[in-house]
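A.B. asks: One structure coming up, written as structure tokens, with questions to follow.
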Amino acid sequence: AKGNGRGRFSFYSSDLHQAAEIRRALEDDLRDALARGEMELRYQPVVNAKSNMVTGVEALVRWTHPDRGVISPGVFIPIAEEANLIWPLGEWVLRKACEDAVNWPGETRVAVNVSPIQFANEDLPKIVASALATTGLAPDRLELEITESVFLGDSADTAKMFKALNALGVRLALDDFGTGYSSLSYLQTAPFDKIKIDQSFVRDATVPGSRNGAIIAAIVALAEALEMETTAEGIESLDQLELIRKLNVSHVQGYVYSKPVRHTELLEHAEAGSWIIKPAG
Ligand code: C2E
Ligand code: CA
Ligand code: CA
Ligand code: CA
């Protein structure tokens, strides 16, 4: 058993070693990625479940690496967070998203993901204010998406940050709701306008015997009582859409309406002055 164990160990450790090398290489490349123009935004419509009207659009960052091709934010955002690169990247995303959103019809909002690392930095309100000022976007057209993990930090600092962001007049959405390890007590004070129901609750909701429909119904009841909107994420099929509508979720985001697309493609939806998308399963 000892020999086997050793063999396994060295295999495992060389795997780990390789993963660490790739990570270090990516971290180095990430330092130059912004300056080289390798970062791009994709936009995914958020649709009113009843009217099919686009009410908002989420900005999702993509990195086209010169050798490795397109790298998912699920891979490079954690690296950026650890390497202290999330700050310039986050600021770039915010500015670019606000700049593009100025061109969208009417009241359409832009949603920008904010890393807990950004949220913990007291300069965040200044950066947000400056992005709004330079682009001329009205504050209530910007929605910051924050995850429950921000409530694991110092609660006085967290409260102060919410107050400062609220004072700017931007909207706040609670992302990936129900997937963190946080308690619900933060809902007593945190001023969220919207709860985003994580796609893990949606995925099996239409499967017979699934409890996820009941969980989604409970989240909707909670949100309605607290006067918050709801968005169901990751809706892929017409069956899921039908269920989500039945459960009174107010907004929908997912491939059934649109994948995240380039800005030019997003604007095609708006061309005829219509900002309505037909679902397709
Ligand atoms: P998220 O904020 O929960 O974003 C939703 C993710 O679900 C996106 O993945 C989106 O492309 C994907 N998605 C949307 N509709 C569907 C669907 O119908 N089916 C399936 N299977 N997936 C769908 P993406 O773009 O890979 O982003 C992953 C995560 O990376 C995001 O999760 C967010 O946490 C983070 N992220 C993306 N852009 C940024 C950013 O600019 N800043 C920060 N801090 N994080 C970002
Ligand atoms: Ca998000
Ligand atoms: Ca999410
Ligand atoms: Ca997520």
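The values are calculated or read from the model by the stated rules, or taken from the named source; none is laboratory data. Just so you know, these numbers come straight off a predicted model, no measurement behind them. Cβ placement follows ideal geometry from the backbone for every residue including glycine, while neighbour counts extend to all protein chains displayed. Surface accessibility is based on the protein's heavy atoms, side chains included, excluding ligands, DNA and RNA. Shrake-Rupley method; radii C 1.70, N 1.55, O 1.52, S 1.80 Å.
A.B. asks: Before we move on, is P279 touching a strand residue (DSSP E or B) at 6+ places or on another chain (Cβ under 9 Å), modelled with pLDDT under 95, open to solvent by less than 40 Å² (accessible area, probe 1.4 Å) and closer than 21 Å to I197 by Cβ? It would help to see each step written out before you state the result.
C.D. replies: Numbers: touching a strand residue (DSSP E or B) at 6+ places or on another chain (Cβ under 9 Å): yes; modelled with pLDDT under 95: yes; open to solvent by less than 40 Å² (accessible area, probe 1.4 Å): yes; closer than 21 Å to I197 by Cβ: yes.
Criteria met by P279.
A.B. asks: What is the number of the single condition among (1) of a type in the set (G, A, S); (2) open to solvent by less than 60 Å² (accessible area, probe 1.4 Å); (3) part of a helix (DSSP H, G or I) that G56 does not meet?
C.D. replies: (3)
A.B. asks: Let me ask something additional. Among (1) assigned to a strand (DSSP E or B); (2) without any contact (Cβ under 8 Å) to a residue 60 or more places away in the chain; (3) open to solvent by less than 40 Å² (accessible area, probe 1.4 Å), there is one condition T64 misses while meeting the rest; what is its number?
C.D. replies: (3)
A.B. asks: What tally of residues in the range 103-128 results from selecting those that are without any contact (Cβ under 8 Å) to a residue 40 or more places away in the chain and in contact with a helix residue (DSSP H, G or I) (Cβ under 6 Å, 6 or more places away or on another chain)?
C.D. replies: Within the range 103-128, residues that are without any contact (Cβ under 8 Å) to a residue 40 or more places away in the chain and in contact with a helix residue (DSSP H, G or I) (Cβ under 6 Å, 6 or more places away or on another chain) number 5.
A.B. asks: Can you tell me which of (1) within 16 Å of ligand 3 (Cβ to nearest atom); (2) in contact with a Cys (Cβ under 8 Å, 6 or more places away or on another chain); (3) not hydroxyl-bearing (S, T, Y) is the one L142 doesn't meet?
C.D. replies: With (1) within 16 Å of ligand 3 (Cβ to nearest atom); (2) in contact with a Cys (Cβ under 8 Å, 6 or more places away or on another chain); (3) not hydroxyl-bearing (S, T, Y) applied to L142, the lone miss is (1).
A.B. asks: On the basis of being assigned to a strand (DSSP E or B) and either within 16 Å of ligand 3 (Cβ to nearest atom) or aliphatic (A, V, I, L, M) (or both), does A173 make the cut? Walk me through how you get there before you give the answer.
C.D. replies: Working: assigned to a strand (DSSP E or B): yes; either within 16 Å of ligand 3 (Cβ to nearest atom) or aliphatic (A, V, I, L, M) (or both): yes.
Here the answer is yes, as A173 does meet what is asked.
A.B. asks: Out of the range 84-114, which residues are more than 11 Å from I127 (Cβ to Cβ), open to solvent by 40 Å² or more (accessible area, probe 1.4 Å), among the acidic types (D, E) and modelled with pLDDT of 95 or more?
C.D. replies: Passing the criteria: only E99.
A.B. asks: What are the residues in the range 27-53 that are assigned to a strand (DSSP E or B), over 16 Å from S115 (Cβ atoms) and more than 16 Å from ligand 4 (Cβ to nearest atom), if any?
C.D. replies: Scanning the range 27-53 gives E40, Y43, P45, V47, N48, M53.
A.B. asks: Something else: Within the range 204-223, how many residues are among the small types (G, A, S), in a helix (DSSP H, G or I) and over 21 Å from V46 (Cα atoms)? Give the steps one after another, and end with the answer.
C.D. replies: Just the residues of the range 204-223 that are among the small types (G, A, S), to begin with: 205, 209-210, 213-214, 217-218, 221, 223.
Subset that is in a helix (DSSP H, G or I): 213-214, 217-218, 221, 223.
Those still in the list that are over 21 Å from V46 (Cα atoms) too: 214, 218.
Residues flagged as among the small types (G, A, S), in a helix (DSSP H, G or I) and over 21 Å from V46 (Cα atoms) within the range 204-223 amount to 2.
A.B. asks: Considering only residues that are out of contact with any helix residue (DSSP H, G or I) (no Cβ under 6 Å at 6 or more places or on another chain) and within 16 Å of ligand 3 (Cβ to nearest atom), look in the range 147-167 and name the one that is least open to solvent (accessible area, probe 1.4 Å).
C.D. replies: Residue satisfying both the conditions and the ranking: E148.
A.B. asks: Restricting the search to the range 43-53, which residues are crowded, with 19+ Cβ neighbours inside 10 Å and either more than 14 Å from ligand 3 (Cβ to nearest atom) or without any contact (Cβ under 8 Å) to a residue 60 or more places away in the chain (or both)?
C.D. replies: Let us first name the residues in the range 43-53 that are crowded, with 19+ Cβ neighbours inside 10 Å, namely 43-47, 49.
Selection gives Y43, P45, V47, A49.
A.B. asks: Just checking, does the range 190-203 include any residue being more than 19 Å from the chain's Cα centre (by Cα) and in a loop (DSSP other than H, G, I, E, B)?
C.D. replies: Filtering the range 190-203 down to residues more than 19 Å from the chain's Cα centre (by Cα) leaves none.
No, the range 190-203 contains no residue that is more than 19 Å from the chain's Cα centre (by Cα) and in a loop (DSSP other than H, G, I, E, B).
A.B. asks: Name the residue that is most open to solvent (accessible area, probe 1.4 Å), counting only residues in the range 121-146 that are of a type in the set (V, I, T) and more than 16 Å from ligand 4 (Cβ to nearest atom). First the steps, then the outcome.
C.D. replies: Restricting attention to the range 121-146, the residues satisfying the condition of being of a type in the set (V, I, T) are 127-128, 134-135, 146.
Now restrict to residues that are more than 16 Å from ligand 4 (Cβ to nearest atom): 127-128, 134-135.
Numbers: I127: 32, V128: 1, T134: 95, T135: 32 Å².
Here the residue is T134.
A.B. asks: How many residues are away from ligand 2 (no atom under 16 Å from the Cβ) and either of a type in the set (D, E) or in contact with a Phe, Trp or Tyr (Cβ under 8 Å, 6 or more places away or on another chain) (or both) when one looks only at the range 154-174?
C.D. replies: Total meeting the criteria: 4.
A.B. asks: Could you tell me how many of the residues in the range 168-189 are within 13 Å of the chain's Cα centre (by Cα) and open to solvent by less than 30 Å² (accessible area, probe 1.4 Å)?
C.D. replies: The qualifying residues number 5.
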